[in-house]
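Following: one structure in structure tokens, then a few remarks.
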């Protein structure tokens, strides 16, 4: 008889969460160890500063201790924890902007005034796949640091962490249409910065071709 397959990551996270709820501190420590890199990575990309990311990571797990019973099973444990982290990161972004109670979505973005980079080229791979590769991750992180906060937040939540358009809109307090516009702006800005490294040079062109400006990827 074949042994049962090993539990996948989501099953392991859920089992650890249940044990932590029952008061097993070692299970909570193991859960933190498993999720800390994802939480820190999200915060680092959204905030651009390592010390801010460390603060958000600490606040996220403090919140997790206080709200272990808040998990309702509507998503995976890691998605739930990343939402907590994203909310803490957004609070810090708003504080930076001097807007403690006003979300990053206080103004709408439109397609009419999209930026016009000098050169762009189709990326050879999906942005989320590129962001996960060790050899390109630091290049994207450096380019992300130059983006406006509101565009960086959308790109990180949508293309790096894989939240849906609706989830991203809910987290940021903006419309789904605005998420799509901001994502397009972020991709255009990043594409120009990274074309030399990640672009298909054979297809490099000035951005007069409509297909180069069209949103790509998942919706």
It is to be established whether one or more residues within region 69-89 are outside any loop (DSSP other than H, G, I, E, B), surrounded by fewer than 21 Cβ atoms within 10 Å (Cβ to Cβ) and at pLDDT below 55.
no
Pick out, from region 124-219, the helices (runs of 4 or more DSSP H) lying fully within it that include 1 or more residues that are modelled with pLDDT of 75 or more.
134-145, 149-155, 165-172, 176-198
When you look at residue 35, is it more than 19 Å from residue 155 (Cα to Cα), under 18 Å from the mean Cα position of the chain (by Cα) and either part of a helix (DSSP H, G or I) or free of Cβ contacts under 8 Å to residues at least 60 places away in the same chain (or both), yes or no?
yes
Only one of (1) more than 22 Å from residue 155 (Cβ to Cβ); (2) modelled with pLDDT of 90 or more; (3) under 23 Å from the mean Cα position of the chain (by Cα) fails for residue 23. Which number is that?
(3)
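The values are calculated or read from the model by the stated rules, or taken from the named source; none is laboratory data. Because the structure is a prediction, the values reported are computed rather than measured. We place every Cβ from the backbone using ideal geometry, glycine too, and count neighbours over all the protein chains shown.
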